[in-house]
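Visitor: Got a structure here, written out as C-alpha cells. Questions coming.
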Amino acid sequence: MLKFVTTPRATPAKRPAEARTGDFHEIYAEFIDAKASEQAARCSQCGVPFCQTHCPLHNNIPDWLRMTAEGRLREAYELSQATNSMPEICGRICPQDRLCEGNCVIEQSGHGTVTIGSVEKYLTDKAWEEGWVQPLTAGPDRGQSVGIVGAGPAGLAAAERLRELGYAVTVYDRHDRPGGLMIYGIPNFKLEKEVVARRTERLAAGGIELRLNFEVGRDATLAELRERHDSVLIATGVYRSRDLEVPGVGSEGVVPALDYLIASNREGLGDHVPDFASGRLNAAGKHVVVVGGGDTAMDCVRTAVRQGAASVTCLYRRDRDNMPGSAREVAHAEEEGVIFEWLAAPRAVRDEAMAAAGVRAARMRLGPPDSSGRQAPEEVVGADFDLPAQMVIKALGFDPEAMPADLAVTRWGTVKADFRNMMTNLPGVFAAGDIVRGASLVVWAIRDGRDAADAMHRYMSGVLSDDGAGALIAAE
Ligand SMILES: Cc1cc2nc3c(=O)[nH]c(=O)nc-3n(C[C@H](O)[C@H](O)[C@H](O)COP(=O)(O)OP(=O)(O)OC[C@H]3O[C@@H](n4cnc5c(N)ncnc54)[C@H](O)[C@@H]3O)c2cc1C
Ligand code: SF4
C-alpha cells in the first residue's frame, strides 16, 4: 500500500471522443486486473478515512482497496457489496469528485486521488463474470407483505433487503421496465442498460414481484395499497419538469429534457418511439440549445452529439465553477464537441412558422452574494446574442408531482419523512429517495432505500410505533 508516492493516478482507458460519439456505449474500458491492483495499492490506509465518511453508504473503502491490492478480489467484492446494493452502478455514475474521491487524503495532498469508483466498478463487474454474485435468497417467510411504489434505486434497494428478511415484496411501477431513472433517464454511455437489467432480473428471480405498467393513483390508491400490505414505501422520484418562462417557449421544437432522454433510451432499447421517428425528439441534423447546468443538461448535450446534431450549445446562467453538474461530465462533453456558453440565459425562443429557429440569450455576470452566500446572476445590459436552434431542450430541474391529500409534504412538495425512521405522517407508510430529498443521486437513493427497509422491518416487527410521526420506541 501507500504506493501513491511512486505510482501515478490512472483511470481505465477512455475511448477517444471521435470513436465514442459514434455510438451509445460506455466511454471507459474496464481496468485490467494488474492495473486495478496497482491503483488500489496507492491508498494510504488512513486511520480516519475521509473517503468512507463522504460516501453516502459509508463503504469500507480502505479495506476493500487493500484486498484488491493483495489480489483477494472475491473478499474485496464481498466487503464492498455488504454496504452497497449496486456497487457497479455507483462505481460508474457517482460524482466521485464530490464524494469519496474528492475527499481522499492523497488527493488533498496533491498526489491525485485513488480511483475508488473505477475499482468498485471493476470488483463487481468481475464478480458478475466469475459467478460470485449470489442469487437473492428470501429469509424465512414472515407472513407479512410490503408494497413498494417505484422501481428506481430507492425502491429496489429496499425491496432486496426486505425480501432477504422474509417479507413478500411487491414493487409497483408505472413504467414498463424496472430501474427508474437508471433505465429511462441516465443515458447508455454513462450506464449501459444491461448492467441495470441484470440487477432487476436477480431481484425478480429472488421472488420480488414486479408489477409494471401499474400507476398508483390510477390503478390503485395509496390507501388501497396500505390496506393490501403490512407497510408501504413511496419511492416515486421527482418528475415534474421546471419550465422555461420566456416568449416563444410554446414553439415546436422546445422539449422537456426527460421526454428527450426517455425517447433516446427507448430507441436504444429497441422500442418504436413515434416522436423520435417523426423527428420531434431526435436531434439529428439540428442546431440544438440545451438550457441548464446540471447532470440532466450534460446528458442531453452528449445525447444530441451522438444523434448527429449540427451543433450543440449549453446555456448556463452562472459560470463553470458554480454549475451543479459534475466537472467530469463537462470535460467529457467538451471533448465531444459541445459548446458551453457560461453566464448566459435565454431571453426568448425565436420561431419561424411556430417552429423554433433560434434562441436570443442575455449575457449574465455574477452579482453580490445573496443571503445563502451564493452569487446571483444578473444581466449585462446590451450584450444579448443569438444562436441558431431548431431544438431547444429545457433541463432546468425537477419538482415532485402532486401527492395524495392526506400525505404531509414540505413546502417544496417533497414527502415529509423523519430521516431517523423514514416514516411519513401516515402510519406504516414510509418514503425514500428523490421524493424525500428532491432531485439527488442514485447513491443517496440506495442509502435511503436501505434505511427505509430497516425501519419498515422494525415497524412490522412491532418495534416502531405507528402513532404520530412514528417515533422509535426501542432499539432492536
Ligand atoms: C437525466 C438524469 C441523469 C442523472 N444522472 C445521474 C448520475 O450520473 N449519477 C447519479 O448518482 N444520479 C444521477 N441522476 C439522479 C438519479 O437518477 C436519481 O437521484 C435517482 O434515480 C433517484 O432514485 P429514486 O428511486 O428516488 O427515483 P427514480 O429513479 O426516479 O424512480 C422512481 C420510480 O417511481 C416510478 N413512479 C413514479 N410515480 C409512480 C406512481 N404514481 N405509480 C407507480 N410508479 C411510479 C417511476 O416510474 C420510477 O420508475 C440523474 C437524473 C437524471 C434525470
Ligand atoms: S458508492 Fe459512490 S461515493 Fe461511495 S465509494 Fe462508491 S463511488 Fe464512492
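A quick yes/no check of all residues on (1) more than 16 Å from ligand 1 (Cβ to nearest atom); (2) at pLDDT 95 or above; (3) farther than 26 Å from Ile186 by Cα:
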| position | (1), (2), (3) |
| --- | --- |
| Ala417 | no, no, yes |
| Ala432 | no, yes, no |
| Arg447 | no, yes, no |
| Arg450 | no, yes, no |
| Met456 | no, yes, yes |
| Gly462 | yes, no, yes |
| Gly468 | yes, no, yes |
| Ile473 | yes, no, yes |
| Glu476 | yes, no, yes |
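So that you can scan it fast, the table gives a plain yes or no per residue for (1) touching a strand residue (DSSP E or B) at 6+ places or on another chain (Cβ under 9 Å); (2) of a type in the set (Gly, Ala, Ser):
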{"site": "Gly373", "(1), (2)": "no, yes"}
{"site": "Glu378", "(1), (2)": "yes, no"}
{"site": "Ala383", "(1), (2)": "yes, yes"}
{"site": "Leu387", "(1), (2)": "yes, no"}
{"site": "Ile393", "(1), (2)": "yes, no"}
{"site": "Phe398", "(1), (2)": "yes, no"}
{"site": "Asp406", "(1), (2)": "no, no"}
{"site": "Gly413", "(1), (2)": "yes, yes"}
{"site": "Leu426", "(1), (2)": "yes, no"}
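Visitor: Could you identify the single residue in Asp271, Asp259, Asp275 that is in contact with an Asp or Glu (Cβ under 9 Å, 6 or more places away or on another chain), within 13 Å of ligand 1 (Cβ to nearest atom) and of a type outside the set (Lys, Arg)?
Guide: After ruling out the rest, the residue left standing is Asp259.
Visitor: Pick from the stretch 71-110 the residues that are touching a residue at least 12 places away in the same chain (Cβ under 8 Å), of a type outside the set (A, V, I, L, M) and farther than 22 Å from Arg328 by Cβ: which of them is farthest from ligand 1 (Cβ to nearest atom)?
Guide: The qualifying residue farthest from ligand 1 (Cβ to nearest atom) is Gly71.
Visitor: Moving to a separate point now. Spot the failing condition for Pro324; the list is (1) away from ligand 1 (no atom under 16 Å from the Cβ); (2) touching a residue at least 12 places away in the same chain (Cβ under 8 Å); (3) surrounded by fewer than 19 Cβ atoms within 10 Å (Cβ to Cβ); (4) of a type outside the set (Gly, Ala, Ser), and only one is missed.
Guide: It fails just one condition, (1).
Visitor: Does the stretch 326-343 include one or more residues that are among the hydroxyl-bearing types (Ser, Thr, Tyr) and outside any loop (DSSP other than H, G, I, E, B)? Steps first, answer last, please.
Guide: First pass over the stretch 326-343, keeping only residues among the hydroxyl-bearing types (Ser, Thr, Tyr): 326.
Now drop any that are not outside any loop (DSSP other than H, G, I, E, B), which leaves none.
Scanning the stretch 326-343, I find no residue that is among the hydroxyl-bearing types (Ser, Thr, Tyr) and outside any loop (DSSP other than H, G, I, E, B), so the answer is no.
Visitor: Additional query: So, in the stretch 270-292, exactly how many residues are surrounded by 15 or more Cβ atoms within 10 Å (Cβ to Cβ), closer than 22 Å to Leu181 by Cα and not small (Gly, Ala, Ser)?
Guide: 8
Visitor: Criterion first (assigned to a helix (DSSP H, G or I) and small (Gly, Ala, Ser)) does Ser44 satisfy it?
Guide: It is false that Ser44 is assigned to a helix (DSSP H, G or I) and small (Gly, Ala, Ser).
Visitor: On to the next question. Filter the stretch 385-415 down to the residues that are out of contact with any Gly (no Cβ under 8 Å at 6 or more places or on another chain) and away from ligand 1 (no atom under 15 Å from the Cβ) and list them by number.
Guide: Phe385, Asp406, Ala408, Thr410, Arg411
Visitor: Check Ala154, Ala205, Ala235, Ala138 and return the single one that is within 16 Å of ligand 2 (Cβ to nearest atom) and small (Gly, Ala, Ser).
Guide: Ala154
Visitor: Follow-up. Give the residue that is nearest to Ala376 (Cα to Cα), with candidates limited to residues of the stretch 296-350 that are away from ligand 2 (no atom under 16 Å from the Cβ) and hydroxyl-bearing (Ser, Thr, Tyr).
Guide: It comes out as Tyr316.
The values are calculated or read from the model by the stated rules, or taken from the named source; none is laboratory data. Everything numeric in this text was worked out from a predicted model, so none of it was measured. Quick reminder, even Gly has a Cβ in these numbers, built from the backbone with ideal geometry, and neighbours come from all protein chains shown.
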